[in-house]
Amino acid sequence: MLKAVAHALLKPTLILPILLAVALLAFAFSLGDVHLVLTRVVRLPARVLWLSLAAAAGYLVCKAAQLKLMLNQIDVRIPPRPFWLAFAVGELTVTLPLGLFSQNWVLSASRRVHIGRSASATVMMLLAEIAAVYLFLAVVGIPGWPDLRWIAVAMLALFALLLAGGVVFGERAHPHLARLSRAWMRRGAHTGLEMLRGLRKLSTPLMLAISIVLAAVYLGALTLAFWLVGRGMDAHQLGYLTAATIYLFSLAMILVGAGLFSQIGTVELLGMLAAHAWGIDYTNGLALMLGFRIVWTAAIWLLCLPIVGLMWREMPKSRQPASSDDGQKIPD
């Protein structure tokens, strides 16, 4: 048993992201005074903690509404209990490599929803966040980084082209599936095409506009909590727009990687660099990023763990065969 666990933990796909996160955190800690940072975190006022918890609740409600809307758009109608289970698991694991797709695994396991179909909603949520973040950076920018605005515009154009190309490719590639020689290749291609079909349904102008607006709202709640934590740690000169730019810049780099790397360590280091560009020294930047990491993670876990505990019975006791329902709801 122990040998099997050790073998799983030592897989490169798991151990390398962990080592990278540890290395980035160690480098971030080396730039600032960790003792002073932890002292400030401990002294955060209770009012800031409660307001951050309220912001986290608003963030989760708005994000869940976005996911539910997208699933309905692609004809995946999930009862409340399995929906909230999948959503809560996704939020608990979102900082891990590819953790944002864990909600699709839960939907597949608990309701036999085709993972490719539900993944289209997850990918569109990611694209909506990318659009909201890069639009913000293109407008606001960061002092001393004049190229950032143009890079943001270029990234928006790139992802728009990728979305358009993927939708067109999905329509034309289906007849060629039978030519694939191996079963696992056909299954993988079928999953990818299911996702592209879903993206096509989600790519209407109205859905894109609603998705981006909802993403902007819940990211606004997140950055509000970041600003409140910063003010609570005696960064009284920190304005909301400055705080939003710092955090959204660090998030922008993570979003481009589509969750391939852990947010832990990467967000902290990038946030410190952005804060330094705004004239905030590395110790204060580390305090902002690490303090917020602790407060926000605690708030999300406090809100999501009870949901998982209450809804976990929705998971089948034994593994069911892969769904062939093409993403439709299974009757209760």
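The values are calculated or read from the model by the stated rules, or taken from the named source; none is laboratory data. Bear in mind that the values here come from a model prediction, so they are computed numbers and not experimental data. When we count neighbours, we look across all protein chains shown, and the Cβ atoms used for this are built from the backbone with ideal geometry, even at glycine.
Figures for the structure shown
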| quantity | calculated |
| --- | --- |
| Residue list for the stretch 149-167, restricted to those being crowded, with 16+ Cβ neighbours inside 10 Å, at pLDDT 90 or above and not small (Gly, Ala, Ser) | Arg149, Met155, Leu156 |
| Identity of the residue in the stretch 235-256, over 22 Å from the mean Cα position of the chain (by Cα) and small (Gly, Ala, Ser), that ends up surrounded by the most Cβ atoms within 10 Å (Cβ to Cβ) | Ala235 |
| Residue satisfying all of: in the stretch 36-45; surrounded by fewer than 16 Cβ atoms within 10 Å (Cβ to Cβ), of a type outside the set (Val, Ile, Thr) and farther than 10 Å from Thr283 by Cβ; modelled with the highest pLDDT among these | Pro45 |
| Pair list, Cβ under 8 Å, 6 or more apart: the stretch 114-134 residue on the phi > 0 side of the Ramachandran plot, other residue at pLDDT below 90 | none |
| Residue that is modelled with the lowest pLDDT, among those in the stretch 290-299 that are buried (at least 20 other Cβ atoms within 10 Å of the Cβ) and among the aliphatic types (A, V, I, L, M) | Leu290 |
